[in-house]
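Would you mind keeping the following structure in view while I ask a few things?
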Amino acid sequence: MLELMLCSMFTLLPDWLYRRFVQGKRFGREITIYSVWYELRYGITGCLFLTVMLITVIFYFHPASTNVATLFRSIPILPDGSGRVAEVYRDIRGEVKAGDPIFRLDDSTQRAAVDTARRKIEETEAAMKVAQVELGAADSRIAEAEAALEQAQNEYDTRAELLRRNAATVSVREVERLKVQVDGRQAAVQTARVNKQSLEVQLSTLLPSQKASAEAALAQAQVELAKTVVKAGVDGRLEQFTLKVGDIVNPFMRPAGILIPATSGRRAVVAGFGQIEAQVMKPGMIAEITCAAKPMAIIPMVVTEVQDVIASGQVRPTDVLVDPSKIGGLGGTITVFMEPLFAGGTDDLPPGSACVANAYTSNHEALQDPNISTGRWVFLHLVDTVALVHALILRIQAIMLPVQTLVFKGH
């Protein structure tokens, strides 16, 4: 309607002024409901043609969309495993900070695992102390075995020397017995030394490894115990938290509630523009939105990103060939991400708000080109100028939105 009124000022109004003041024709006399088409045919035809062209230029170079929302993602509150609720720390809704406990599952199994791991560490430490004592005893046994070996060796050497001198008091059999005794004493010394090495290996390698394994098991058990206390991962607001003590929580089927991050949906606005604007929508474009949650307010925005794919054309691998006529078409939209042009522009806009958006093409840089042709210069000026019409339409929508919602729809 606004475009029609604007175009009529340049086509229909001059035609009527010519008929009225040059030809002297008046409404109700020469110009009636039956003759108005014949008398003002040039103005009416030009008005309709110009209106169609103006609407086309406006909505192509300055696209609009009603598919606009401040999307946000909610986080389901889930434990790492299933269990029965033992304690609840929060009410049905409320603010939480990152790290705040929300509820706790029954942790008897995890506590038993922690106690078992601690006892294993204590057992290993006790074994290390025992091995240390045994190491000292091994030194004593080595000294004892070496002393016995020395005594046996001295006695053998004495008997062997007497036998060599043909003493009548020493027999060959006795010397051989002493030789065997010396060999046994040497084996006892070697056994004592090997036992000491075994204890040293236990103290330096085996028992520390067993202790490290027990400490790792304790750390794992403590992690599993900590998982029984479900905490908030981010700052946000807890909603629909109706969990009670004794409830069973399953991470696959039954979440405990929903956590809405504090920053979710507070910055970016997602809009879906028609496919025909794919060549017009560019990052850096200035845009404006008006939202039902913030009526009669225009929020300046800037396009930060334009998704380079159209979601309606995606294909999932199946055992059936996809018919292209069943997907895509003109129904898909170009997904555009917008952010406030000024800091804090959407801070008071609730996440999930439905909005209406206008994006405006700017040809300022192209108009600065010294080699631009006159026709293109006029056309680009026209494109930038008609953006005012679209901006005015958005402001009319912002004013009429509360009236339409509260009066005509009765919401």
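The values are calculated or read from the model by the stated rules, or taken from the named source; none is laboratory data. Given the structure is predicted, the values throughout are model-derived calculations rather than measurements. Using ideal geometry, Cβ is built from the backbone for each residue, glycine included, and neighbour counts are taken over all protein chains shown. SASA here: full protein model, heavy atoms, side chains in, ligands and nucleic acids out. Shrake-Rupley method; radii C 1.70, N 1.55, O 1.52, S 1.80 Å.
Counting alpha carbon pairs within less than 8 Å and at least 6 residues apart, what relative contact order, in whole percent, applies to region 281-356?
Working: 105 pairs, mean separation 29.8, N = 76.
Relative contact order for region 281-356 comes out at 39 percent.
Quick one: if the Förster radius is 25 Å, what FRET efficiency do ALA343 and ALA297 give, using the C-beta to C-beta distance and rounding to 0.05? Can you show the working numbers first?
Numbers: r = 16 Å, r/R0 = 0.65.
It comes out at approximately 0.95.
Taking only C-alpha pairs under 8 Å that are 6+ residues apart, what is the relative contact order of the chain in percent?
On the way: 599 pairs, mean separation 100.3, N = 411.
Averaging sequence separation for qualifying contacts and normalising by length gives 24 percent for the chain.
Let me ask something else. Of the options ALA113, THR191, ALA217, report the single residue whose Cα projects farthest towards the positive end of the charge dipole of region 94-226 (beta-carbon charges: Lys, Arg +1; Asp, Glu -1).
Towards the positive end, the residue furthest out is THR191.
Tell me the angle of helix 172-201 to the major Cα principal axis of the chain, expressed in degrees between 0 and 90 and rounded to the nearest ten.
20 degrees
Let me ask something additional. Using the alpha-carbon centroid of each, what span in Å lies between region 29-76 and region 117-143?
94 Å
Sort 313-323, 387-397 for me by packing, meaning the mean count of neighbouring Cβ atoms within 10 Å per residue, highest on top. If you can, show how the numbers build up before the last one.
Details: 313-323: 7.4, 387-397: 16.2.
The most tightly packed comes first, giving 387-397, 313-323.
Between ILE258 and ALA226, what is the label-point separation in nm under the 7 Å Cα-to-beta-carbon projection?
Distance between label points: 3.0 nm.
Right, here's the next one. For region 385-405 and region 169-214, what is the centre-to-centre distance using only Cα atoms, to the nearest Å?
100 Å
Per-residue accessible area for THR335 at 1.4 Å probe radius, Å² rounded to 10?
30 Å²
Let me ask something else about it. Over all directions, what mean area does the Cα convex hull of the chain project, stated in square nanometres? Can you show the working numbers first?
On the way: hull surface 190.6 nm².
Here the figure is 47.7 nm², rounded to one decimal.
Measure off, as a whole percent, the carbon and sulfur share of the 1.4 Å-probe accessible area of region 238-378, all protein chains present. Present the calculation step by step, with values, prior to reporting the outcome.
Values: 4860 of 8440 Å².
The computed percentage sits at 58.
Can you give the percent of C-alpha pairs in region 207-261 whose distance is more than 14 Å?
Numbers: 1035 of 1485 pairs.
Counting pairs separated by more than 14 Å, the tail of P(r) holds 70 percent.
Rolling a 1.4 angstrom probe over the protein heavy atoms, how many square angstrom per residue are accessible across the chain? Kindly include the intermediate steps, with their values, before the conclusion.
On the way: 25730 Å² over 411 residues.
The answer is 63 Å² per residue.
For ARG254, what charge total do you get from the other residues with a beta carbon under 13 Å from its beta carbon, if Lys and Arg give +1 and Asp and Glu give -1?
Values: positive: ARG84, LYS244; negative: ASP247.
Charge balance in the 13 Å sphere: +1.
Roughly how many nanometres apart are two label points built 7 Å out from the Cα toward the Cβ at GLU134 and ASP80?
According to this spin-label approximation, the distance is 3.7 nm.
Rounded, prolate or oblate, given the Cα gyration tensor of region 312-374, with a/c below 1.5 counting as rounded?
Values: a/c = 3.67, a/b = 1.37, b/c = 2.68.
Taking the square roots of the gyration eigenvalues as a ≥ b ≥ c, region 312-374 is oblate.
First check a/c for region 297-411, with a ≥ b ≥ c the square roots of the eigenvalues of its C-alpha gyration tensor; if it is under 1.5, answer rounded, and if not, answer prolate when a/b is larger than b/c or oblate otherwise.
Values: a/c = 1.94, a/b = 1.12, b/c = 1.72.
Note, shape of region 297-411 comes out oblate.
What cysteines in the chain have no other cysteine with a beta carbon less than 4.7 Å from their beta carbon?
CYS7, CYS47, each lacking another Cys Cβ under 4.7 Å.
Could you estimate the translational diffusion coefficient of region 1-104 from the Stokes-Einstein equation, with Rh from the Kirkwood formula over C-alpha pairs, at 25 °C and 0.890 mPa s, in whole µm²/s? Could the numbers behind the result be given before it?
Details: Rh = 20.1 Å.
Taking Rh from Cα pairs, D becomes 122 µm²/s.
Something else about it: First obtain the Kirkwood hydrodynamic radius of region 60-202 from its Cα pairs, then insert it into the Stokes-Einstein equation at 37 °C and 0.692 mPa s, and state the resulting D in µm² per second as a whole number. If you can, show how the numbers build up before the last one.
Values: Rh = 23.9 Å.
Diffusion coefficient, whole number: 137 µm²/s.
Can you tell me what the convex hull of the Cα atoms of region 213-350 projects to on average, as an area in nm²?
Values: hull surface 64.4 nm².
The Cα convex hull of region 213-350, projected and averaged over all directions, gives 16.1 nm².
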